[in-house]
1. Given the conditions (1) surrounded by 14 or more Cβ atoms within 10 Å (Cβ to Cβ); (2) in a helix (DSSP H, G or I), and given that residue 634 satisfies all but one, which numbered condition is not satisfied?
2. In this structure, does residue 201 turn out to be modelled with pLDDT under 90 and in contact with a Leu (Cβ under 8 Å, 6 or more places away or on another chain)?
3. Restricting to region 506-526, name every residue that is hydrophobic (A, V, I, L, M, F, W, C), at pLDDT 85 or above and open to solvent by 70 Å² or more (accessible area, probe 1.4 Å).
4. Restricting the search to region 491-505, which residues are hydrophobic (A, V, I, L, M, F, W, C) and open to solvent by 10 Å² or more (accessible area, probe 1.4 Å)?
5. Within region 157-178, identify whether any single residue is in contact with a Gly (Cβ under 7 Å, 6 or more places away or on another chain) and surrounded by fewer than 20 Cβ atoms within 10 Å (Cβ to Cβ), and answer yes or no.
6. Picking from 187, 164, 192, which residue would you name as being in contact with a Ser or Thr (Cβ under 6 Å, 6 or more places away or on another chain), of a type in the set (S, T, N, Q) and closer than 28 Å to residue 418 by Cβ?
7. Being within 30 Å of residue 562 (Cβ to Cβ), touching a His at 6+ places or on another chain (Cβ under 8 Å) and among the aromatic types (Phe, Trp, Tyr) is the requirement here; does residue 297 meet it?
8. Given 216, 186, which one is open to solvent by 20 Å² or more (accessible area, probe 1.4 Å), modelled with pLDDT of 90 or more and within 21 Å of residue 428 (Cβ to Cβ)?
Amino acid sequence: MGSLPNLHELGKESTCGAFKPTTALGHLCGGQGGYVLSEHERNKILHRHNKVGKTRSYGCEPNRIIVDDTTLEHMAGYSPISNRSVRQFHQIRRKDSLSSSIGATSVRRLLAVVRNGPSHRQRAHRTSEPSKHALIVNVVLLCVSHLTITATYLPYLALQSSLSVWSMPDHLVPLDINVGSLFLGLSHVLASLVCLVTLPVNQRFGGNIILAVSYLLLTVHFIINLHPVLYLMIPSSIIFGVALGLMVNAQVTCLMTIAIKLSNVYRMVDEDEEMKNIRYTCLIRRTARAFRGAHDFGLIFGSIASTLIISWTIGNTNLSTDVLTNTTELICLQTSFVNTTSNCTTTLIEQVSPTYDYTSFLDAIFDTVEGTRLCGSQSCPSKYPLNFNDSLPGQYYSVLPVGSTQALTGFYAFLSAAATALIVVGMDTLNLYAHQEGSDKPQLMASLRCVREIFRDARMKLLAPMMFFIGLEQAFIYSDFGKSYVVCTLGIHRLNLVYLAMGSLQSIAACTLSMLLRSIRRYYIVGVGFTFHSCLMLVLVLWKPIEDDPALFFVISAAWGVCNAIWEMLGFTLLTCQYATDRWEAAFAVTSFYRLLGIGVAFLFHGYLCNYVKVYGLTFFMLAAVVTFTYLDIRLENIKKLKNISRL
């Protein structure tokens, strides 16, 4: 930028007193010694040099001439000295004029930037944007923390929704075996509502802070479950629902924020809007692929750890529940002093069994036919009450011993606390709205209006059945399949191993499908998913599970994981294509609302409907979801083709 002139001096008029004429011009101005021209001679010279009589007077002395550009041009031929002086003076005047014009232009631009540009806080925020390395570190920390929290959340969901492992009976209020799924259903319905009303909280405080708060609430929930009595289960369920709703929104906010910042890092010069959106969508899918892989590996790790804890605590006599049994023995006391007679007496001897036998408990909670449990699609929920064991004070009938549940709860609480510490210590503040001031901050009513508009969006109306079906099928595989198929036939110690197979194949399918969607039509994937899932529904209705063929349980759960990966990946890619640059927070919140609502409804009906009714209902919702989703996908494809044709 050129030199900045003194703005106060720009408007001032120059005075003659500040000008010192050269030697040659001194004769004209009468300012130097020597021969001084008379007035007549001065006028004659000036008249000869092209009418300089029009020279303006600025209040100087009448016998002096103000030297301007015109005067200097006419006086150039007066003498060689004068000519050289004029050239030097013209060069100086040109430099001053150039500097003055550049300076004035620079001042005007600077004033425009100050008046119309962003505030000081926004400039400071932009200069403190995280680097590419810092953003990648944040992605890794987010995925590791999600892996850790998934290792606690999903195994807990399977055990509590199917068998109410963390439910202690109450002497005043009767509880049955389905109370765990009932509380989880209410928690997920609450979480679906929390998703809709907490968008301004994420925008105000940042995704990483809300994520840490949600993980901390999950830690508190697991600590409360160390003593799961009724008056503690109610606030614990509320805490769990609030934590789940906050966690779902915060995870999406962190993912999208990191993708936006990475897109700004990779931004190129002279890039059009279309290329910017393509790069942004690609980065979203890459970060989501890593996040989804962490989710599946968390399920694998949590299943292995839960299986080891259950197997170790059941086999440990110190952590087992003692069962009191009565046996009658005939003790014959032979007396040596009696020859042919023997004195026999019947004595009641109490023995304590050192092992926990949950087989008899399972026989009580399932219907039996000719001594075998009725498992599979024909199984209906029982209302088996959770009562205390009168023979052993402080003990109650449960599918797992108290020591096993406490060990699992302590492990889950430790992992949740570790995930909280990882977010608090490691992750940076990821907030897109930290630089906004005053009325520019997102407000509660504005966010609620945006959510209402997304609800009314035609695309979201067609996508809603698919998201609701995803919630239903996830709840079914964790609660009904785990209880009526796996636990009823194989036992509680193999339940988490079945979900280990599900997580393994689900991770492979999700990673493969996310890359295939770039070259395969989406409705082809919808057809494949519908075919596979329909076959699984048919198997679940007709198959009678038996213990002699345990491999089929793992095959069914693994195939179900593939179908779940197909539906979730299709829904996520559609959201990123339609709402990646416009109202994405409200769009993801609404889809999470439908999914969590589906999980909550399935858990609430877990203890009231037979399995064949649930399978038929799940098939109906799957058909409705596939039809509406396919129609939406074809419609959006036609709109895209019309836009491409209009550009030609």
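The values are calculated or read from the model by the stated rules, or taken from the named source; none is laboratory data. Note that the structure is a prediction, hence the values are computed from the model and not measured. Cβ coordinates were reconstructed from backbone atoms using ideal geometry, including for glycine residues, and neighbour counts include every protein chain displayed. Surface areas here come from the heavy atoms of the whole protein model, side chains and all, with no ligands, DNA or RNA. Shrake-Rupley method; radii C 1.70, N 1.55, O 1.52, S 1.80 Å.
1. Condition not satisfied by residue 634: (1).
2. yes
3. Matches in region 506-526: 508 only.
4. Here is the first cut: in region 491-505, the ones hydrophobic (A, V, I, L, M, F, W, C) are 492, 495, 497-498, 500-502, 505.
Residues satisfying the conditions are 497, 500, 501, 505.
5. No, region 157-178 has no match at all.
6. Only one candidate qualifies: 187.
7. no
8. Sole residue among the options that is open to solvent by 20 Å² or more (accessible area, probe 1.4 Å), modelled with pLDDT of 90 or more and within 21 Å of residue 428 (Cβ to Cβ): 216.
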